[in-house]
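Inspection log for the structure reproduced underneath, given as structure tokens.
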Amino acid sequence: MPRILISFAVGAIWILPFLVASTPAILIGGAWGIAGKYLGMAVALPIFAITFILVAGLISRFGKRGIVKGKFPRELKNPVYFARALYGAAWTQLFYFRPLYAVALAVPPLRTFMFRIFGYSANLDFTLYPDTWIRDLPILNVGKGAYLSNRSTIGTNMCLTDGSILVDGIEIAEKSMVGHLTMLAPGVKIGGESEVGVGCAMGIRVKIGNKVSIRPSTTVNHGCHLEDGCEIGTMSFIGLRAHVGPGIKIKAGANIPAGANILSQEEAEQYFSSETQTLQAQKESILKTLESHLGMGNVP
């Protein structure tokens, strides 16, 4: 039964806009001949677009109660997950209808209408693209001037191997940037004027302060806290629930272990036990060995 209801909802999202848009097109075309047919088609397109968003948005309202934080069984018989599935079906019909979705993002009144009817209640003055993955709009909060790059994932939900789904809100403060192909897990909070570079992965409930710089291809594991003004170098790994204090600079390629609590730059240097440092130590050891052999005359 739940699947049938969702199927009917999806059918309504497509059929009703066609019916509504075709009616004036047929009437105008019948009354005005050939010119009326072209005029009818021109009128039908915006009517279809607005009606499609309206119907999808109204159907999503029946599922809005399921867009809540928590962990739920991924089964349609669960009332929360069924509501989520209904909301998701409505949203994805629009999201994957790329020509219409792209137009809706580009036209300010249509963009506002679309976001509001799907339950987004925060600031709308931010940049995103048709292939920026967003969902669960009621628990999203994006600040003024924020930039969500194309093909980034603002992942408010995560399916788990135990058959459940984890849902949590995501907050991105004003003037912050999420780079191309970067993934944010549920519960991520990013402070103002921070940058998460290209191809990064932020784990569950990672907290990033203001004016933080995370360079490309970095992974920050679940539950980490990066305080204001810290910098994480390219291709670094920050372990589970690690804490990096304000203004700390982590070198490129660093491997910070789980639970680390770095409160000074000296501590950060001690934790820098990456491949780079290891190779450098090996190089120095080899040079010393060669010098020793040369000194003893063992090397011709």
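The values are calculated or read from the model by the stated rules, or taken from the named source; none is laboratory data. Here the structure is a predicted model, which means the values were calculated and not measured. Cβ atoms come from the backbone with ideal geometry, glycine included; neighbour counts cover every protein chain shown.
Before moving on, here are some points about what is shown:
- Residue within segment 60-68 that is modelled with pLDDT of 95 or more and under 16 Å from LEU100 (Cβ atoms) present: yes
- Looking across segment 152-173, the residues that are of a type outside the set (S, T, N, Q), without any contact (Cβ under 8 Å) to a residue 60 or more places away in the chain and surrounded by 17 or more Cβ atoms within 10 Å (Cβ to Cβ) come down to ILE154, GLY155, ILE170, GLU171, ILE172, ALA173.
- Candidate set: segment 174-184, residues that are in a loop (DSSP other than H, G, I, E, B) and of a type outside the set (Asp, Glu); chosen: the one surrounded by the fewest Cβ atoms within 10 Å (Cβ to Cβ): HIS180
- Residue count for segment 240-257, restricted to those that are assigned to a loop (DSSP other than H, G, I, E, B) and either modelled with pLDDT of 95 or more or of a type in the set (Asp, Glu) (or both): 7
- Checked against the criterion of being basic (Lys, Arg) and either at pLDDT below 95 or not in a helix (DSSP H, G or I) (or both), segment 82-97 contains not a single residue that satisfies it.
- Within segment 138-150, the set of residues being surrounded by 17 or more Cβ atoms within 10 Å (Cβ to Cβ) and outside any strand (DSSP E or B) comprises PRO138, ILE139, GLY143, ALA146, SER149.
- Looking across segment 62-80 at every residue that is within 22 Å of the chain's Cα centre (by Cα), surrounded by fewer than 20 Cβ atoms within 10 Å (Cβ to Cβ) and touching a residue at least 40 places away in the same chain (Cβ under 8 Å), the one that is nearest to THR161 (Cα to Cα) is identified as ARG74.
- Contacts under 8 angstrom Cβ, first residue in segment 97-123 being without any contact (Cβ under 8 Å) to a residue 60 or more places away in the chain and exposed (fewer than 13 other Cβ atoms within 10 Å of the Cβ), partner part of a helix (DSSP H, G or I) and of a type outside the set (Ser, Thr, Tyr), 6 or more apart: SER121/PRO138
- For segment 37-48, the count of residues that are assigned by TED's automatic domain parsing to the domain that holds TRP14, part of a helix (DSSP H, G or I), surrounded by 19 or more Cβ atoms within 10 Å (Cβ to Cβ) and not aromatic (Phe, Trp, Tyr) is at least one.
Yes/no per residue for (1) in a helix (DSSP H, G or I); (2) closer than 19 Å to MET177 by Cα:
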residue	(1), (2)
ILE204	no, yes
HIS222	no, no
MET235	no, yes
ALA268	yes, no
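- Residue check for MET235: at pLDDT below 95 and under 28 Å from ASN150 (Cβ atoms): yes
- Hey, PHE126 free of Cβ contacts under 8 Å to residues at least 60 places away in the same chain, among the aromatic types (Phe, Trp, Tyr) and out of contact with any Phe, Trp or Tyr (no Cβ under 6 Å at 6 or more places or on another chain) or not: yes
- Hits in segment 151-193 (condition: closer than 14 Å to ILE208 by Cβ and of a type in the set (Ser, Thr, Tyr)): SER176, THR182
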